Amino acid sequence: MSTVSKALDLLDVFTRTRADIGLSDLARLAGVNKATCYRLMSDLAAHGFVEQTDAARSYRLGPAFLRYAALREAAVPMKEAALPLLTALAKESGETVHVSALVAGDLRTIAYAYSPAHAMKVMMEDADHLPFHATSSGLAVLAHMAPNARSAVLGSPLARRTVDTLTDPARLKERLALIRAQGIAESAGGYEPEVSSLAVPLFDALGRVSGALAVAAPAARLDDPHRARIRAGLCAAAPDMVRLWGGSAPQDITTLWAATAQGRDTR
């Protein structure tokens, strides 16, 4: 294994719940001897990729990552980064795929891709704002919001867009609990009549929900086998989408996604 690979393995040990790590623990977790660990961490610290805390002298990630993250976003903005994945998933599913992000408390469509497989498809040009309670993307995000933020949404007026829009807070809470248990959300006719969609939540670098990846289809085309393929495709693509946007999904969610992607549906 090269020196670069060993250094990257050390960086991979850091997580949201393990942000500060002492030298001995770091060497043990990475599976390298302490002397090698110290040498590699010293090199990383010299370039700003890690730093030592003043008190415990444990290591944490350094400020150099901020510069590279900014360069990445300047060179490959969120929309541009997402489009190849959206295009591939649209081709695989045969349906419209879109990705959204939380912006100032609202869920906004960032990018979308259409499949050439069907003339009849769900169009996204007029779907800039995705209501939390009426879309699969919104439900996926709402299910994983902080409890106080979720309560604020459920406590506000919930507009009924169609006869199938779920507006009762008690029933929505039940639906959201199920979504958290499955790692994927579904909406049938809640936003537009005769349109169904499925979505998975996306997460930022701190593991907070930040948006959603969704597939939308005419309800008449979404039979059980097609729905199962879309669920599997979404859950297979979700980890890649999270990584593309520099995020980190909670372990329980990635486990649910892996099971669904492999055909072991969590419903």
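The residues listed here are Phe49, Phe14; of these, the one that is of a type in the set (Phe, Trp, Tyr) and closer than 21 Å to Gln251 by Cα is Phe14.
Checking each residue in the range 199-217 for being part of a strand (DSSP E or B) and not hydrophobic (A, V, I, L, M, F, W, C) picks out Pro201, Ser210, Gly211.
Considering the range 170-191 alone, what residues qualify as being surrounded by fewer than 21 Cβ atoms within 10 Å (Cβ to Cβ) and not in a helix (DSSP H, G or I)? Those that are surrounded by fewer than 21 Cβ atoms within 10 Å (Cβ to Cβ) and not in a helix (DSSP H, G or I): Ala188, Gly189.
Which members of the range 47-67 meet the condition of being more than 15 Å from Leu23 (Cα to Cα), at pLDDT 90 or above, of a type outside the set (Gly, Ala, Ser) and touching a Phe, Trp or Tyr at 6+ places or on another chain (Cβ under 8 Å)? If the condition is that a residue be more than 15 Å from Leu23 (Cα to Cα), at pLDDT 90 or above, of a type outside the set (Gly, Ala, Ser) and touching a Phe, Trp or Tyr at 6+ places or on another chain (Cβ under 8 Å), then Phe49 is the only one that fits. Within the range 67-119, work out how many residues are out of contact with any Gly (no Cβ under 9 Å at 6 or more places or on another chain), of a type in the set (D, E, K, R), closer than 19 Å to Asp240 by Cβ and surrounded by fewer than 19 Cβ atoms within 10 Å (Cβ to Cβ). Of the residues in the range 67-119, 3 are out of contact with any Gly (no Cβ under 9 Å at 6 or more places or on another chain), of a type in the set (D, E, K, R), closer than 19 Å to Asp240 by Cβ and surrounded by fewer than 19 Cβ atoms within 10 Å (Cβ to Cβ).
Restricting Asp25, Asp54, Asp43 to those that are outside the structural domain of Arg229 (by TED's automatic domain parsing), closer than 17 Å to Val4 by Cα and of a type in the set (Asp, Glu) reduces the list to Asp43. In a residue-by-residue description of the range 251-267, the property of being among the basic types (Lys, Arg), over 17 Å from Phe203 (Cβ atoms), crowded, with 19+ Cβ neighbours inside 10 Å and touching a residue at least 12 places away in the same chain (Cβ under 8 Å) applies to no position. For the residues Arg180, Arg161, Arg171, the requirement of being within 30 Å of Phe14 (Cβ to Cβ), charged (D, E, K, R) and in the same structural domain as His129 (by TED's automatic domain parsing) singles out Arg180.
The values are calculated or read from the model by the stated rules, or taken from the named source; none is laboratory data. Remember, it's a predicted structure, so these values are computed and weren't measured experimentally. As a convention, Cβ positions derive from the backbone with ideal geometry for all residues, glycine included, and neighbour counts pool all protein chains shown.
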